[in-house]
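Chemist: Before we start, here is the structure in question, set down as structure tokens.
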Amino acid sequence: MKKLVLLGSAFAYLFLASCLHADTVVMKDGRRLEGKVIDKGETIELRTGATKTLLDRSEVARVERKKAPYENIEFFGLKARPPIKNGTDGRKTCEQIQVEMVYIPSGEVPIREAQGGALRKVHVRAFLMDRTEVTNAQYALFLKHVAAYGDTACAHPEQPVGKDHTPAHWDDPKFNQPRQPVVGVDWYDAYAFAKWAGKRLPTREEWRLAAGVGSVYPWGNDPQPNACNHGSVRMLDSGERKLYTDSSDGFVYAAPSASFASDQSPYGCLDMAGNVSEWTATLNAGRACRCGGNMCQPAELCRNRTYRFMERSLRSFTTGFRCATDAE
Ligand SMILES: [Ca+2]
């Protein structure tokens, strides 16, 4: 009960703080304008109630941001870090969140571009990889940032105009628990989150290296039921193979992150074989590579090398992501 009261108080605080939230734009002619600031690059949009005013950046001396309501408070056990600076102009861009990352030493990754195609080896430099899939709790911090500041600093240049970063299943209790991986996010959501967090999406080869190149599955070369969050396959009367979720491993949908100790790569990355398939930075003909198995795929398909190119606008309850950074 005490926990519920505390959580209720936190949400009340967030609500009140957001109502009081007001930035100040100081114009070069000395005027001070108050409202909610959305940074749009060459222009700055100032919102006061239902009124939107576009200001030319060349006429603006500076923007004084009110502290975002979620800064410096714990949110589902996570804490937003102070904003990082971007380049020379010192404008606030993205914020980092505290997530455990593991060091992946450089290595050679065997990649087969197409079924039956030639196997080639790609050299991958050392990098850092998130130990776990990005969770709903972490993604919620990103959404709060976007609500306060907009996504201009984080959005991919090809992101569809007017796009909303709210996941497809954000209101569904089957998918929106704080420690479950965020799902129903498209590639543009994953890209923007990674940039906001001061990171990036891993490439397909990096993802493959982090998952482990020495075995077919994290635990060895043979499929093992219930060693990761997988699904099942059913043959229909038509002869078609249909993939579906099941509860044989203890979870019908996405399991809370890091629920399967057996689904652990040689470097300590968790849930790379199963749980949710994960977006990567690798593109081909406008499609993005999605790596790893998921809760809908049978155990034998939840392999380290599983990948598939998907439409970047895909929002599926089987698909999430994790982030990477350069090692230096
Ligand atoms: Ca996964």
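The values are calculated or read from the model by the stated rules, or taken from the named source; none is laboratory data. Only a predicted model underlies this, so the values are computations on that prediction, with no experimental measurement involved. Here Cβ is always computed from backbone atoms with ideal geometry, including for glycine, and neighbour counts include all displayed protein chains.
Chemist: Restricted to segment 93-127, and to residues that are among the β-branched types (Val, Ile, Thr) and under 30 Å from Val146 (Cα atoms), which residue is modelled with the lowest pLDDT?
Modeler: Filtering first and then ranking leaves Thr93.
Chemist: Quick check: anything in segment 258-269 over 21 Å from the mean Cα position of the chain (by Cα) and surrounded by 22 or more Cβ atoms within 10 Å (Cβ to Cβ)?
Modeler: The first filter runs over segment 258-269 and keeps only residues over 21 Å from the mean Cα position of the chain (by Cα), leaving 261-262, 266.
Filter again for surrounded by 22 or more Cβ atoms within 10 Å (Cβ to Cβ), leaving none.
Checked against the condition, which is being over 21 Å from the mean Cα position of the chain (by Cα) and surrounded by 22 or more Cβ atoms within 10 Å (Cβ to Cβ), segment 258-269 yields no hits at all.
Chemist: When both residues are 6+ apart or on different chains and their Cβ atoms are under 6 Å apart, which pairs have a first residue that lies in segment 284-296 and is at positive phi and in the same structural domain as Ala190 (by TED's automatic domain parsing), and a second that is within 14 Å of the ligand (Cβ to nearest atom) and in a loop (DSSP other than H, G, I, E, B)?
Modeler: Matching pairs, first to second residue: Gly292/Met272; Gly292/Thr306.
Chemist: Taking the options Val252, Val233, name whichever one is surrounded by fewer than 18 Cβ atoms within 10 Å (Cβ to Cβ) and part of a strand (DSSP E or B).
Modeler: Val233
Chemist: Now for a different question. Of everything in segment 124-145 that's in a loop (DSSP other than H, G, I, E, B) and surrounded by fewer than 24 Cβ atoms within 10 Å (Cβ to Cβ), which residue is nearest to the ligand (Cβ to nearest atom)?
Modeler: Within segment 124-145, the first condition is being in a loop (DSSP other than H, G, I, E, B), and the residues that meet it are 125-126, 131-134.
In the following step, the residues that additionally are surrounded by fewer than 24 Cβ atoms within 10 Å (Cβ to Cβ) were identified as 125-126, 131-132.
Values: Arg125: 23, Ala126: 22, Arg131: 12, Thr132: 9 Å.
Once the filter is applied, the top-ranked residue is Thr132.
Chemist: Okay, next question. Give the residues of segment 232-255 that are hydroxyl-bearing (Ser, Thr, Tyr) and either modelled with pLDDT under 80 or over 20 Å from the mean Cα position of the chain (by Cα) (or both), sorted by residue number. Step through it out loud before you land on a result.
Modeler: First pass over segment 232-255, keeping only residues hydroxyl-bearing (Ser, Thr, Tyr): 232, 238, 244-245, 247-248, 253.
Of everything in segment 232-255, those that are hydroxyl-bearing (Ser, Thr, Tyr) and either modelled with pLDDT under 80 or over 20 Å from the mean Cα position of the chain (by Cα) (or both) turn out to be Ser232, Ser238, Tyr244, Thr245, Ser247, Ser248.
Chemist: So is Ala258 in contact with a strand residue (DSSP E or B) (Cβ under 8 Å, 6 or more places away or on another chain), within 16 Å of the ligand (Cβ to nearest atom) and either under 19 Å from Tyr307 (Cα atoms) or at pLDDT 90 or above (or both) or not? Before the answer, list the steps.
Modeler: Working: in contact with a strand residue (DSSP E or B) (Cβ under 8 Å, 6 or more places away or on another chain): yes; within 16 Å of the ligand (Cβ to nearest atom): yes; either under 19 Å from Tyr307 (Cα atoms) or at pLDDT 90 or above (or both): no.
The answer is no for Ala258.
Chemist: Note down all Cβ pairs under 6 Å where the first residue falls in segment 47-73 and is hydroxyl-bearing (Ser, Thr, Tyr), the second is surrounded by 16 or more Cβ atoms within 10 Å (Cβ to Cβ) and at pLDDT 80 or above, and they're at least six residues apart or on different chains.
Modeler: Cβ pairs passing all conditions: Thr48/Gly35; Thr53/Leu46; Tyr70/Lys144.
Chemist: Looking for whichever is of a type outside the set (Phe, Trp, Tyr) and under 30 Å from Asp23 (Cα atoms) here; the options are Leu209, Leu143. Which one fits? Quick ask: steps written out before the conclusion?
Modeler: Numbers: Leu209 fails: under 30 Å from Asp23 (Cα atoms).
Every option except Leu143 fails the conditions.
Chemist: With the checklist (1) small (Gly, Ala, Ser); (2) touching a Ser or Thr at 6+ places or on another chain (Cβ under 8 Å); (3) within 22 Å of Arg287 (Cα to Cα) in hand, flag the one item Gly231 doesn't pass.
Modeler: (3)
Chemist: If you take the residues of segment 23-51 that are among the polar types (S, T, N, Q) and farther than 16 Å from Glu64 by Cβ, which of them is modelled with the highest pLDDT?
Modeler: Checked segment 23-51; the qualifying residue modelled with the highest pLDDT is Thr51.
Chemist: Among the residues in segment 274-282, are any crowded, with 18+ Cβ neighbours inside 10 Å and away from the ligand (no atom under 14 Å from the Cβ)? Please lay out each step first, then the result.
Modeler: Keep residues of segment 274-282 that are crowded, with 18+ Cβ neighbours inside 10 Å, which gives 274-282.
With away from the ligand (no atom under 14 Å from the Cβ) added as a condition, the list becomes 281-282.
Looking for residues that are crowded, with 18+ Cβ neighbours inside 10 Å and away from the ligand (no atom under 14 Å from the Cβ), one finds at least one in segment 274-282, hence yes.
Chemist: Exactly one of (1) buried (at least 24 other Cβ atoms within 10 Å of the Cβ); (2) within 16 Å of the ligand (Cβ to nearest atom) is unmet by Ala197. Its number?
Modeler: (2) is the only condition that Ala197 fails.
Chemist: Now a separate question. Can you name the condition, by its number, that Tyr188 falls short on among (1) more than 20 Å from Thr132 (Cβ to Cβ); (2) over 14 Å from the mean Cα position of the chain (by Cα); (3) of a type in the set (Phe, Trp, Tyr)?
Modeler: That leaves (2) as the condition not met.
Chemist: Another one. Look through Ala153, Ala190 and report the one residue that is touching a Cys at 6+ places or on another chain (Cβ under 9 Å), in a helix (DSSP H, G or I), aliphatic (A, V, I, L, M) and in contact (Cβ under 8 Å) with a residue 24 or more places away in the chain. Working first, answer last.
Modeler: On the way: Ala153 fails: in a helix (DSSP H, G or I).
Exactly one of Ala153, Ala190 is touching a Cys at 6+ places or on another chain (Cβ under 9 Å), in a helix (DSSP H, G or I), aliphatic (A, V, I, L, M) and in contact (Cβ under 8 Å) with a residue 24 or more places away in the chain, namely Ala190.
Chemist: Here is a follow-up. If only one of Arg287, Arg322, Arg312 is under 26 Å from Gln159 (Cβ atoms), charged (D, E, K, R), surrounded by 14 or more Cβ atoms within 10 Å (Cβ to Cβ) and within 10 Å of the ligand (Cβ to nearest atom), which one is it?
Modeler: Exactly one of Arg287, Arg322, Arg312 is under 26 Å from Gln159 (Cβ atoms), charged (D, E, K, R), surrounded by 14 or more Cβ atoms within 10 Å (Cβ to Cβ) and within 10 Å of the ligand (Cβ to nearest atom), namely Arg322.
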